[in-house]
Amino acid sequence: MIRHLLSGADLDAGTATLVLDTAAEMATVAGREVKKLPALRGRTVVNLFYEDSTRTRISFEAAAKRLSADVINFSAKGSSVAKGESLKDTALTLQAMGADAVVVRHPASGAPHRLAEWVDGSVVNAGDGTHEHPTQALLDAYTMRSRLGRLDGLHVAIVGDVLHSRVARSNVLLLSTLGAKVTLVGPPTLIPVDIAAALAPGTDVCYDLDAVLPDVDVVMMLRVQRERMGDSYFPSAREYARRYGLDGPRMRRLPGHALVMHPGPMNRGMEITPEVADSPRSTIVEQVANGVSVRMAVLYLLLGGNNR
Amino acid sequence: MAYPPAAHPSPPRQPSVKVILAAADVSRVVDRIAHQILEKTQGAAGTVLLGIPTRGVPLAHRLAARISTFEDVTVPVGVLDITLYRDDLRRHATRAVGPTDLPPGGIDGKRVVLVDDVLFSGRTVRAALDALSDVGRPASVQLAVLVDRGHRQLPIRADYVGKNIPTALAENVKVTLAETDGTDEVKLYGGTPA
């Protein structure tokens, strides 16, 4: 097993499948009377969050606690980071406190990679800048596999702001490793030139959502990041919603078995309409539940044995 | 202080292999355990067999099949994976987690018979007892093993034993079953040549 999980590319097909299989076993714990396993008793997991996050931080916290690890939550607000402490000094502090794993979210792309050089424990990337978010990709893959029964040969459309999306990058890497075909869809301003070739050969780019809908097994909507709207990547929110938002009529053009996914948090009425978000095709709530199982699997596989 | 060198270096020992139970013996032993379970549980009512992976699982299925042949009762069979409850998790590379599969009726209030191939240190059974208490509350728990090779490190004993094999610690008992390995056999490795 690998020591850190920094990128969707860290996992080969065998390891990724092991994570998904382990997650399936971890999911059974949620249905038990005692929702706790002793596997990480006496281990310490630090959640180091330099960006606001609800679901990812809570999901990692629940995962670590279900495995009996001790969890320390560290958010940049109200900590010594606000007083100007560098990432390295913070890392050395965590190291001195005996953290066995550091789950890190940081606005700077590559921060978890630097962190991994400074600490002895395992580092899990919980989202770095506009770069990667590998556990989100794993839980998306897990959701697709549990709903559709397979990943190999699936056609997945990832729609929206690919330029700024760490979810998209990790998903392209992981899904290609697992044999799925990905098509990136969005306005040309939000899809970097040559991104498909740079991430995974075989990935397609299409600027017309309606053209790809009849041919996909999964459509994954990305959040339009309102905080980036000022940079005029597209003329107006209404125009974006018209061309790239998933509404009822568009959803009905999908094949009967196709899933609608969204990593959350959603902008209802922008990239996705309430009718679609609340339809039976939508896996949005399921994705949150699966996130805990997948993160349990990742923490167990990184920390459960002696992998040094 | 150094020890003096041995006067006669011992010759390299031949690794010896001894067949303890052949296929026919394994089948007779399983039959006997099935009869004993029926006898001790008054007809196996309210009883559930839980196999401990890997080889406890096919053994549990065989016992259930024999019990239904002898007395025409169906005993539910399940799988209890103990990986996450082991006390040596940190001494090895991460182990893959296997499925735990309880029979539809569950185990609450039932008499659970844990089934494993070899009883040795008792640590596997300790882990199984911990795992069991997290998935339900059986009325009682019993233990059936194909082979008891001694050298317990915990206060644990089996209720049903197929064969007691006195062993030295350095020896190794290996059970193979048709379902997992192709043949039914119990072998003892590394014993002193007879």
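Among the residues of segment A:264-280, is any more than 14 Å from chain B (Cβ to nearest Cβ), hydroxyl-bearing (S, T, Y) and not in a helix (DSSP H, G or I)? The answer is yes; a qualifying residue exists. The single condition from (1) within 12 Å of the chain's Cα centre (by Cα); (2) open to solvent by 10 Å² or more (accessible area, probe 1.4 Å); (3) without any contact (Cβ under 8 Å) to a residue 60 or more places away in the chain that A:V193 fails is (1). Scanning for something within 11 Å of another protein chain (Cβ to nearest Cβ) and open to solvent by less than 50 Å² (accessible area, probe 1.4 Å), does segment B:167-179 turn up at least one residue? Checked against the condition, which is being within 11 Å of another protein chain (Cβ to nearest Cβ) and open to solvent by less than 50 Å² (accessible area, probe 1.4 Å), segment B:167-179 yields no hits at all. Summed over segment B:105-123, the residues that are closer than 20 Å to B:V173 by Cα and over 9 Å from the mean Cα position of the chain (by Cα) give a count of 3.
In the set B:S27, B:S10, only one residue is at pLDDT below 90, of a type in the set (S, T, Y) and either more than 21 Å from B:L129 (Cβ to Cβ) or exposed (fewer than 13 other Cβ atoms within 10 Å of the Cβ) (or both); that residue is B:S10. Within segment A:281-307, the set of residues being open to solvent by less than 10 Å² (accessible area, probe 1.4 Å), at pLDDT 95 or above and outside any helix (DSSP H, G or I) comprises A:T283 only.
For A:Y233, the conditions (1) touching a residue at least 40 places away in the same chain (Cβ under 8 Å); (2) open to solvent by less than 20 Å² (accessible area, probe 1.4 Å) are fulfilled apart from (2). So, in segment B:122-148, of the ones that are assigned to a helix (DSSP H, G or I) and among the hydroxyl-bearing types (S, T, Y), which residue ends up nearest to B:L188 (Cα to Cα)? In this case the residue turns out to be B:T124.
Number of residues in segment A:281-308 that are polar (S, T, N, Q) and more than 14 Å from chain B (Cβ to nearest Cβ): the value is 4. The residue of segment A:104-126 that is nearest to A:V288 (Cα to Cα), among those that are touching a Pro at 6+ places or on another chain (Cβ under 9 Å), crowded, with 24+ Cβ neighbours inside 10 Å and not polar (S, T, N, Q), is A:A126.
With respect to being within 14 Å of chain A (Cβ to nearest Cβ) and either open to solvent by 20 Å² or more (accessible area, probe 1.4 Å) or of a type in the set (A, V, I, L, M) (or both), B:S140 falls outside the description.
Among residues of segment B:168-191 being within 19 Å of B:L59 (Cβ to Cβ) and outside any strand (DSSP E or B), the one that is nearest to the chain's Cα centre (by Cα) is B:L177. Reported count of residues in segment A:1-60, each being basic (K, R) and away from every other protein chain (no Cβ under 14 Å), is 2. Within segment B:105-115, the set of residues being more than 12 Å from every other protein chain (Cβ to nearest Cβ) and open to solvent by less than 30 Å² (accessible area, probe 1.4 Å) comprises B:V112, B:V113, B:L114, B:V115. The residue that is farthest from the chain's Cα centre (by Cα), among those in segment A:242-263 that are part of a helix (DSSP H, G or I) and buried (at least 19 other Cβ atoms within 10 Å of the Cβ), is A:M251.
The number of residues in segment B:116-137 that are open to solvent by less than 50 Å² (accessible area, probe 1.4 Å) and within 14 Å of another protein chain (Cβ to nearest Cβ) comes to 7. Each residue in segment A:1-16 was checked for being touching an Asp or Glu at 6+ places or on another chain (Cβ under 9 Å) and either surrounded by fewer than 20 Cβ atoms within 10 Å (Cβ to Cβ) or not in a helix (DSSP H, G or I) (or both), and 5 of them qualify. Scanning segment B:55-104 for residues that are more than 20 Å from the chain's Cα centre (by Cα) and either facing chain A (nearest Cβ under 7 Å) or open to solvent by 60 Å² or more (accessible area, probe 1.4 Å) (or both) turns up B:T69, B:F70, B:E71, B:D72, B:T74, B:R90, B:R91, B:H92, B:A93, B:T94, B:P104.
The values are calculated or read from the model by the stated rules, or taken from the named source; none is laboratory data. Remember, predicted model here, so these are calculated numbers, not experimental data. As a convention, Cβ positions derive from the backbone with ideal geometry for all residues, glycine included, and neighbour counts pool all protein chains shown. Heads up: the accessible areas ignore ligands, DNA and RNA and are worked out on the full protein's heavy atoms, side chains in. Shrake-Rupley method; radii C 1.70, N 1.55, O 1.52, S 1.80 Å.
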